[in-house]
Amino acid sequence: MLNEAIRTDIANSVLCWLATVDVDGTPNVSPKEIFAAHGEDRIVVADIASPQSVKNLRANPRACVSFVDVFRQRGFKIVGTASIIAPEEAAFAVVGADLLEMAGADYPIRHVISIKVERVSRIWAPSYRLFPDRTEEERMRAVYANYGVTPVER
Ligand SMILES: Cc1cc2nc3c(=O)[nH]c(=O)nc-3n(C[C@H](O)[C@H](O)[C@H](O)COP(=O)(O)O)c2cc1C
């Protein structure tokens, strides 16, 4: 379910956006930097400072996560059902292993939000439809210019 294209865009996305709803159906969305694919069908997100997301998911586990590679102007939207894993549970260190490494000791993780993926859709910037013949390099050059970014060699 989580194919290479999804894993690549996760690796190249600075943030994801986690959307939840409260008991009254009011939507809530907030950015999370510490997130990863886990196994074949889960997205895991670190609750470091996300009390409303956790509260909402406890009441209604439906979640949507989106992320985009801003330089390639593409990403994914993933809908699923979340479970909240607390540090005292055995699964915390296993399911949250990548998150714990990414966050490090300075950013303690209060819960692992583990989302079982049910539906995946692609996000493309409109330029893919409007300028389908552009190469990836041309797209990235246009984005660097728009954002005033000078890429460094890595
Ligand atoms: C760049 C950036 C990265 C963030 N990464 C995370 C994160 O990985 N985990 C987290 O819990 N909060 C993270 N936050 C903070 C939450 O987005 C913020 O505390 C938010 O208000 C939580 O809202 P919520 O309780 O509705 O989830 C990040 C914020 C920013 C601006």
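Bear in mind that the values in this text are calculations on the coordinates, not laboratory data. For clarity, every value in this text was computed on a predicted model and none was experimentally measured.
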Subject >> Computed log₁₀ I(q)/I(0) - Debye formula, equal Cα scatterers, no solvent, the stretch 47-90, q 0.19, 0.22, 0.26, 0.34 Å⁻¹ >> reply: -0.73, -0.84, -0.96, -1.15
Subject >> Tensor-based shape of the stretch 71-114 (alpha-carbon gyration tensor, a/c under 1.5 rounded, otherwise prolate or oblate) >> reply: oblate
Subject >> Distance from the stretch 15-45 to the stretch 78-144 (C-alpha centre basis), Å >> reply: 8
**OP:** Return a whole-number percent for the relative contact order of the stretch 4-125, with Cα pairs under 8 Å and 6 or more residues apart as the contact set.
**Re:** 30
Subject >> Among Pro61, Pro126, Pro51, residue whose mean-square fluctuation peaks in a GNM of the chain (springs only between Cα atoms under 10 Å) >> reply: Pro126
**OP:** Per residue, how big is the convex hull around the C-alpha atoms of the chain? Give it to me in cubic angstrom, could you?
**Re:** 140
Subject >> Choice from Thr20, Thr135, Thr81 with maximal GNM fluctuation in the chain (Cα, 10 Å cutoff) >> reply: Thr135
Original post:
Once Rh is set to the Kirkwood radius over Cα pairs, what Stokes-Einstein translational diffusion coefficient, in µm²/s, holds for the stretch 90-150 at a temperature of 25 °C and a viscosity of 0.890 mPa s?
Top reply: 156
